[in-house]
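The values are calculated or read from the model by the stated rules, or taken from the named source; none is laboratory data. Note that the coordinates shown come from a computational prediction; the quantities given were computed from them, not determined experimentally. Every residue, glycine among them, receives a Cβ derived from its backbone with ideal geometry; neighbour counts consider all protein chains shown.
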């Protein structure tokens, strides 16, 4: 059986974070030497650090929170496609790829994976792709960039368009080492009550005929 491929960013104290957000920080709050029994760690972080999912509550105060999401969205067959030839991802671009056999689509874009650098510019995802992806049955869109919208966007048009078409969002996956094709995906969020997002450990396993 094929091995699982990790496509999540490691959570490290020197990883990049969204400007203005709480950076990730791990430390030992107590050591075995201090208390005699165990090492005890603690973390502080934005929920949108590294590889993470957005709940609708992130951009819609009436939207679902992480604990209200259907876990089946984040487990199952996924298609990985390579759109790294363009800086602008439109319906015309996506129409060239076959992904009718799954409800989960992961995009490998032109931005190289670098967890320690926050990019000043992302490839552009046209909000109009939401309707096309919905017509194709997509319910989860994963991308290897920090957001489906530009870093300076206040309106978050693509977030809202995807939500309006029933498509959930997985951001900051790492796909530079992954070939296009079909995979099993696991990208479960933590059960954080009332949360707007959650870091995930995202992994892929090649399906038969895609190894």
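Structure notes:
- Filter result for residue 168 (surrounded by fewer than 16 Cβ atoms within 10 Å (Cβ to Cβ) and closer than 25 Å to residue 10 by Cβ): no
- Candidates 198, 153, 134, filtered to the one that is surrounded by fewer than 19 Cβ atoms within 10 Å (Cβ to Cβ) and either touching a residue at least 60 places away in the same chain (Cβ under 8 Å) or part of a loop (DSSP other than H, G, I, E, B) (or both): 153
- One residue alone among 163, 159 is buried (at least 20 other Cβ atoms within 10 Å of the Cβ), more than 13 Å from the chain's Cα centre (by Cα) and farther than 26 Å from residue 205 by Cβ, and that residue is 163.
- Candidates 111, 207: the one that is surrounded by 15 or more Cβ atoms within 10 Å (Cβ to Cβ) and without any contact (Cβ under 8 Å) to a residue 40 or more places away in the chain is 111.
- Qualifying residue in region 5-14 (condition: in contact with a strand residue (DSSP E or B) (Cβ under 7 Å, 6 or more places away or on another chain), within 20 Å of residue 163 (Cα to Cα) and in contact (Cβ under 8 Å) with a residue 24 or more places away in the chain): no
- Qualifying residues in region 17-60 (those that are outside any loop (DSSP other than H, G, I, E, B) and touching a residue at least 24 places away in the same chain (Cβ under 8 Å)) - the one nearest to residue 153 (Cα to Cα): 58
- Restricting attention to region 61-101, the residues that are over 16 Å from residue 200 (Cα atoms), in contact with a helix residue (DSSP H, G or I) (Cβ under 7 Å, 6 or more places away or on another chain) and either at pLDDT below 95 or in a loop (DSSP other than H, G, I, E, B) (or both) add up to 5.
- Unmet criterion (only one of (1) surrounded by 14 or more Cβ atoms within 10 Å (Cβ to Cβ); (2) touching a helix residue (DSSP H, G or I) at 6+ places or on another chain (Cβ under 8 Å)) for residue 180: (2)
- Within region 156-177, the residues that satisfy the criterion of being touching a helix residue (DSSP H, G or I) at 6+ places or on another chain (Cβ under 7 Å) and part of a strand (DSSP E or B) are 168, 169.
- Of all residues in region 26-57, those satisfying the criterion of being surrounded by 14 or more Cβ atoms within 10 Å (Cβ to Cβ) and under 21 Å from residue 115 (Cβ atoms) are 45, 46, 47, 48, 49, 50, 51, 52, 53, 54.
- Hits in region 156-170 (condition: out of contact with any strand residue (DSSP E or B) (no Cβ under 6 Å at 6 or more places or on another chain) and either touching a residue at least 40 places away in the same chain (Cβ under 8 Å) or at positive phi (or both)): 156, 159, 160, 163, 166
- Near pairs, Cβ below 8 angstrom, 6+ apart or cross-chain, from region 74-89 (on the phi > 0 side of the Ramachandran plot) to any residue that is surrounded by 13 or more Cβ atoms within 10 Å (Cβ to Cβ) and outside any strand (DSSP E or B): 76/102; 76/103
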